[in-house]
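Visitor: Quick one: structure below, then a few questions.
The values are calculated or read from the model by the stated rules, or taken from the named source; none is laboratory data. Keep in mind that this is a model prediction, so the values were computed, not measured. Glycine also receives a Cβ, built like all others from the backbone with ideal geometry; neighbour counts cover every protein chain displayed. These accessible areas exclude ligands, DNA and RNA; they are computed on the full protein's heavy atoms, side chains included. Shrake-Rupley method; radii C 1.70, N 1.55, O 1.52, S 1.80 Å.
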Amino acid sequence: MKYWNQQPAEEEVRRLKSDLLMARSAIIEFMPREVASLLRGYYSCASRMEGHAWMNEVIDALVERALKSASPPDRFGEQRAMCPLCGQGSSSPYVEGYLLPEGLRRHLAGWGNTHRCIVMEAVSKLAHDHWNDKFSVAEQEAWKASQAAEAQRRKTETLYRVSLGGEPKLLDDGCYSWSPSRSPEQLVFAEERLKSLGFQCVIDDNVKTWVDERENHVVYADPRQAGRLEFEVWRKPLPKRIVRNSQNRHMAGRFHLLDSWKNDLQKKYADRVTQSLVR
């Protein structure tokens with residue numbers, strides 16, 4: 001009986017990976033010296049986030065380089081240029097080159113329905129493979145540490161149940177610099193406003209749920225985001241467990257009320273609930 005030897009197959013995979021790495025690296029070496037040096041910059045990135053910023057800087061530099069050799073502006077004031085890396089231009093038979101700056105930027109980044117530059121594609125693959133080797137262990141450790149920190153916070157901080165489905169949320173869960181969570185004073189304001197709209201606060205251990213329950217529907221409120229109150233409307237009878245199809249059928253809609261609104265708040269709230277239920 002013959003047994004299949006796995007070793008040659010594994011060696012072949014390693015060889016092919018090595019050949020692919022060499023081929024991608026060779027693409028960079030065929031570029032002009034200044035451009036090749038720019039494209040090798042991924043080696044010096046100290047984090048994946050820094051790497052993404054580096055990629056944007058490379059694209060900006062290449063667009064600037066293309067502007068120096070661009071065609072004169074046409075009667076609409078538009079300029080075009082061929083890609084400074086792969087030499088390709090627009091697929092349209094009526095124009096030559098990519099529109100500057102956005103058309104070329106899309107080509108280099110691979111956005112939209114344009115074909116990505118094959119040189120930038122190779123550089124991107126090299127960069128991400130290098131960053132995976134360099135950062136993945138540290139990123140995994142950081143992720144584990146953040147998960148442990150979040151688990152500890154969930155034991156000690158107030159959580160908010162903002163929907164029929166899903167786990168209760170921390171105050172800043174899902175909030176960003178452009179959409180921050182409320183300060184303690186702002187939370188007091190939000191909770192007083194919810195009370196004025198008829199909401200009840202249900203407290204279970206460290207979980208708060210702001211809910212407005214009626215005969216044929218339930219509304220969950222989310223007071224966490226600064227500047228606005230978010231609402232979810234659910235039709236009755238409520239599902240015993242949340243799955244995708246039942247959520248689509250039972251959840252009537254979402255809406256918000258801004259903190260800056262002062263007049264007829266009860267009417268605004270009631271109208272939006274009704275609109276959600278009749279959709």
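Visitor: I'm trying to understand the selection: among the residues of the stretch 175-190, which are touching a residue at least 24 places away in the same chain (Cβ under 8 Å) and open to solvent by 30 Å² or more (accessible area, probe 1.4 Å)? Before you say what the answer is, go through the steps one by one.
Guide: Just the residues of the stretch 175-190 that are touching a residue at least 24 places away in the same chain (Cβ under 8 Å), to begin with: 175, 179-183, 186-187, 189-190.
Listed by number, the residues that qualify are C175, P180, S181, S183, Q186, F189.
Visitor: Would you point out the residue of the stretch 165-197, among those that are assigned to a loop (DSSP other than H, G, I, E, B) and among the small types (G, A, S), that is farthest from the chain's Cα centre (by Cα)?
Guide: S183
Visitor: Can you tell me which of D133, D129 is closer than 29 Å to A26 by Cβ, surrounded by 11 or more Cβ atoms within 10 Å (Cβ to Cβ) and among the charged types (D, E, K, R)? Show your work before the answer.
Guide: Working: D133 fails: surrounded by 11 or more Cβ atoms within 10 Å (Cβ to Cβ).
D129 is the lone residue from the list that is closer than 29 Å to A26 by Cβ, surrounded by 11 or more Cβ atoms within 10 Å (Cβ to Cβ) and among the charged types (D, E, K, R).
Matching residues to (1) charged (D, E, K, R); (2) modelled with pLDDT under 90; (3) in a loop (DSSP other than H, G, I, E, B):
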position	(1), (2), (3)
R24	yes, yes, no
I59	no, no, no
A70	no, yes, yes
S90	no, yes, yes
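Visitor: Further question: What is the number of the single condition among (1) under 17 Å from L171 (Cβ atoms); (2) open to solvent by less than 40 Å² (accessible area, probe 1.4 Å); (3) in contact with a His (Cβ under 8 Å, 6 or more places away or on another chain) that L194 does not meet?
Guide: So L194 meets the others, but not (3).
Visitor: Could you check the stretch 10-25 and list, in sequence order, the residues that are open to solvent by 70 Å² or more (accessible area, probe 1.4 Å) and closer than 13 Å to A127 by Cβ?
Guide: Residue satisfying the conditions is L21 alone.
Visitor: I'm told V202 meets every condition in (1) at pLDDT 95 or above; (2) part of a helix (DSSP H, G or I); (3) open to solvent by 70 Å² or more (accessible area, probe 1.4 Å) except one. Can you identify the failing condition by its number?
Guide: So the condition that V202 fails would be (2).
For (1) in contact (Cβ under 8 Å) with a residue 60 or more places away in the chain; (2) open to solvent by 30 Å² or more (accessible area, probe 1.4 Å); (3) of a type in the set (F, W, Y); (4) under 23 Å from S181 (Cβ atoms), each residue gets a yes or a no:
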{"site": "T209", "(1), (2), (3), (4)": "no, no, no, yes"}
{"site": "H217", "(1), (2), (3), (4)": "yes, no, no, no"}
{"site": "P223", "(1), (2), (3), (4)": "yes, no, no, yes"}
{"site": "E232", "(1), (2), (3), (4)": "yes, no, no, yes"}
{"site": "D259", "(1), (2), (3), (4)": "yes, no, no, yes"}
{"site": "N263", "(1), (2), (3), (4)": "no, yes, no, no"}
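Visitor: Does at least one position in the stretch 137-160 carry a residue that is in contact with an Asp or Glu (Cβ under 7 Å, 6 or more places away or on another chain) and either over 30 Å from V233 (Cβ atoms) or at pLDDT 95 or above (or both)? Step through it out loud before you land on a result.
Guide: Kept after step one, since they are in contact with an Asp or Glu (Cβ under 7 Å, 6 or more places away or on another chain), are these residues of the stretch 137-160: 160.
Restricting the remaining residues to those that are either over 30 Å from V233 (Cβ atoms) or at pLDDT 95 or above (or both) gives 160.
Looking for residues that are in contact with an Asp or Glu (Cβ under 7 Å, 6 or more places away or on another chain) and either over 30 Å from V233 (Cβ atoms) or at pLDDT 95 or above (or both), one finds at least one in the stretch 137-160, hence yes.
Visitor: Would you check which residues across the stretch 49-85 are open to solvent by less than 70 Å² (accessible area, probe 1.4 Å), within 29 Å of the chain's Cα centre (by Cα) and of a type outside the set (A, V, I, L, M) and list them?
Guide: Selection gives G51, W54, C83.
Visitor: Could I ask something else about it? Show the residue pairs that are 6+ apart or on different chains and have beta-carbon atoms under 9 Å apart, the first residue being within the stretch 45-72 and more than 28 Å from A138 (Cβ to Cβ), the second being hydroxyl-bearing (S, T, Y) and surrounded by 17 or more Cβ atoms within 10 Å (Cβ to Cβ).
Guide: A66/Y98
Visitor: Okay, moving on. Could you check T114 against (1) out of contact with any Lys or Arg (no Cβ under 9 Å at 6 or more places or on another chain); (2) surrounded by 17 or more Cβ atoms within 10 Å (Cβ to Cβ); (3) β-branched (V, I, T) and say which number it fails?
Guide: Failed condition: (1).
Visitor: If you check R249 against the conditions, is it modelled with pLDDT of 95 or more and either over 16 Å from K169 (Cβ atoms) or not acidic (D, E) (or both)?
Guide: The answer is no for R249.
Visitor: Give the stretch 26-48 a look and list any residue that's basic (K, R) and either open to solvent by 60 Å² or more (accessible area, probe 1.4 Å) or touching a strand residue (DSSP E or B) at 6+ places or on another chain (Cβ under 9 Å) (or both), or say none. Before the answer, list the steps.
Guide: Of all residues in the stretch 26-48, those basic (K, R) come to 33, 40, 48.
Matches in the stretch 26-48: R33, R40.
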